[in-house]
1. From A:564, A:542, grab the single residue that is in a helix (DSSP H, G or I), more than 14 Å from chain B (Cβ to nearest Cβ) and over 24 Å from residue A:297 (Cβ atoms).
2. Only one of B:408, B:358 is in contact with a strand residue (DSSP E or B) (Cβ under 7 Å, 6 or more places away or on another chain), assigned by TED's automatic domain parsing to the domain that holds residue B:57 and not in a loop (DSSP other than H, G, I, E, B). Can you tell me which?
3. Could you tell me whether segment B:298-307 includes any residue that is within 14 Å of chain A (Cβ to nearest Cβ) and at negative phi?
4. Quick test of your reading of the structure: residue B:383 fulfils all but one of (1) within 25 Å of residue B:311 (Cβ to Cβ); (2) out of contact with any strand residue (DSSP E or B) (no Cβ under 9 Å at 6 or more places or on another chain); (3) surrounded by fewer than 22 Cβ atoms within 10 Å (Cβ to Cβ). Name the failing condition by number.
5. Of the numbered conditions (1) modelled with pLDDT of 90 or more; (2) surrounded by fewer than 20 Cβ atoms within 10 Å (Cβ to Cβ), residue A:110 satisfies every one except a single condition; which is it?
6. Check residue A:221 against each of (1) away from chain B (no Cβ under 14 Å); (2) in contact with a strand residue (DSSP E or B) (Cβ under 9 Å, 6 or more places away or on another chain) and name the one condition it does not meet.
7. Restricting attention to segment B:174-198, report how many residues are in contact with a helix residue (DSSP H, G or I) (Cβ under 7 Å, 6 or more places away or on another chain), closer than 30 Å to residue B:329 by Cβ and not in a loop (DSSP other than H, G, I, E, B).
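The values are calculated or read from the model by the stated rules, or taken from the named source; none is laboratory data. Remember, it's a predicted structure, so these values are computed and weren't measured experimentally. With ideal geometry, Cβ positions are generated from the backbone for all residues, glycine too; neighbour counts draw on all protein chains shown.
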């Protein structure tokens, strides 16, 4: 009987790529230090690095043109942020919308944004509620246009019309994130008048808001672009403001960006870069960085992670919440104040804890709720991947599982696609019984002894086994069930390693790790799943990332300087 | 523009008639599918439960399979709760879900209603049967179809739509997966708010406003589409189609009657419909309050499903109990681990699984009983319906798809219940044949459904 299927791997849709018929060999992995391990899957491994052997498939577009970008719809989070900034509505109304597809792992993959009946129905319902809240008092209406404070039941039609016109024009410009035409405004004035005649001024305005919030101009990031002097198609200033704003702040452009667009500043790459710098330095970029890592790392659910209290008496979900805070606090420090590099994140000899978390870790000398920087015992821990939340967040409830820990590192951080078991193997798969061995190495032993399993599991288990000194709540242990843990393993295709510290050092020094990090950011920033035809963009980003010494903020800025960000595909494609 | 005006006036014409009937019929256009056949099914319901059943308890015993012959059989321990509706129940044993090719759970839930293989680690390669029935055979209703799910998006999908939890697929060129409705209160509002008789005048005024608003929205999508590239245009047109569905729903008045009654409202404040968003891959995150409320919420959703059919709000409804991961606990059965744990994560536990399957049979008996209690004028709602109950696999520890534990119930299209179909002697026993046989009950004479390489023709014996 085989033990190799765990049913614990990320689904194919997470990476959105074709399943492989088999797993990569170590040789392939070593050779594939380049840009796109996934494309090799479909093109028979012809994609390695610079495209010199890819026979035109990975040939780059001429400079100044972009890969086809799909129309992007606001995600639920972006919708929430946008109505907060547009109408002061902080009730998170989009949480009532049906869930996005997981797709690229960030829920913002434009190719996976289908429109269901339920979605349209909920947009309708949510818009009605938002519109009602925004118009329910005279004071609320006056926030949209000051003249609205003076409109009463006895106001004449002319003053109501003129106020409606003023309010609608201003609102529409902000809601559509661009200048609007007189026709567009007039059509909505007519709608408000039609409803007002049957009801009142406020209901007429509410109807306009409800309509606009369902319009494609609001829900989608519609881009028309223009042809510049060199005949290249670029986003307009306002479209660029929208690109920048949703990337860095996850919301509509602010007044500064709008004014910059009006002034024609957002058409050249250097002025776009200086706005990007301003936005990244602004605290409003912090939630974006946090969101990225919450989705990249297995930490988003730590606050409700349960463990057997008898076996792990010092652990509670409250500690889980603190673990997530540790990681996020650490990331914010490292990216904005520390080394600012991905290597630094992966190998920092320190972390951040407060008193409760320090007690959990067995560290003394930390007091209070505030998180403070503490040095790690670098014989046991080093950097992000050894933080309790990251090693605890991946695994089975009360037993460690080297497969999921290894799969997380290989897939999410090294962009190695690992196929799910299928075909004949499926029928025989049964996961190991928790009592079948004292240590995880014994329980999952068949993965290496049985060649049917080993083909794929040799890509995951060797990493997970080096993390076995971390128990299911992320605490250090030397033994499991009385047996000394053997933490030898490997980073598949890179080097053998012994224990977690060597593991993270090896991961941090592997070029693939950094290419993958750049890929993950590009997927998030551009709202897509990485494909073979994105290889040129990634190649450029990767080269710049290397040049900067893997500076994370520089990577985010570089994402605004690619052809994919600065330009648009030719019309009609 | 002319076309648009025509469409709206057509809709208004239908909406003016106070009886809730499919408007195509009112306009004197029987659907093609219905022509020439007297008795066709009018309602289609699918019920999904996770993890198959106990078709092998580890000692070679099938705890699900009835004993006896086609017309004289005893229900098994697992199916025993269905005794009260046995005479309208067709137990369909012995089929193999051959088209379930791909990841073991994902390919299973994808193939169950589509009869297609998982596409490159992604979703389906064709529309699901419920959508085909809804769009091609039943005419137009306020809602083309509804999908509801209890405690959905557990585990690895983290509450998001994923091949691991999606059973319904649009009948369009992309076969887009359809996200189910999760919030029972939002469903109640969406389906039954306009039925409130105390709300008549205000509701009518609101509908008129909504019509004007959607008219505007419709025009925005309509005018935007032509300037876009092909892929984006398709996206916007798809959105426009859904806006038009909303417009149509506004024009279809649903009125309360002896048959159509608002279900009793249920307080579900202890149930978080989006709890999947907080899930962990392994099911280690437990929401005790939400899990404990599953029986109550499930029954409430079934009540709403039955009335959505009886009120002719929709002719096609899907109910999903969780998803293929089923990483939620069963506190009311004193089962503290999640369903997948008993299936195989914690080793195969046939006794606990049997307890869970008996409970699912009880729920299904409740649904069928409720449908059978609605008098549609000489026959019951169940009599004019086809209800298909299934799962993504047969046997949890092996993920085997042999001997799928399928149930078909109702009397629509001449379906005859009270029988036990073994299908053991059929060499080509692919479940695609059952899918096309069900489609035939709705007056569509197709001979193939799903991936044709897994379909040799309609399964005989349903009528």
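1. Working: A:542 fails: over 24 Å from residue A:297 (Cβ atoms).
Every option except A:564 fails the conditions.
2. Numbers: B:358 fails: in contact with a strand residue (DSSP E or B) (Cβ under 7 Å, 6 or more places away or on another chain).
So the residue among B:408, B:358 that is in contact with a strand residue (DSSP E or B) (Cβ under 7 Å, 6 or more places away or on another chain), assigned by TED's automatic domain parsing to the domain that holds residue B:57 and not in a loop (DSSP other than H, G, I, E, B) is B:408.
3. Narrowing segment B:298-307 to residues within 14 Å of chain A (Cβ to nearest Cβ): none.
Checked against the condition, which is being within 14 Å of chain A (Cβ to nearest Cβ) and at negative phi, segment B:298-307 yields no hits at all.
4. (2)
5. So the condition that residue A:110 fails would be (2).
6. (1)
7. Number of matching residues: 7.
Conditions (1) within 30 Å of residue A:569 (Cβ to Cβ); (2) in contact with a strand residue (DSSP E or B) (Cβ under 8 Å, 6 or more places away or on another chain); (3) part of a loop (DSSP other than H, G, I, E, B); (4) modelled with pLDDT of 90 or more, marked per residue:
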position	(1), (2), (3), (4)
B:172	yes, no, yes, no
B:202	no, no, no, no
B:207	no, no, no, no
B:226	yes, no, no, no
B:231	yes, no, no, no
B:234	yes, no, no, no
B:239	yes, no, no, yes
B:243	yes, no, no, yes
B:263	no, no, yes, yes
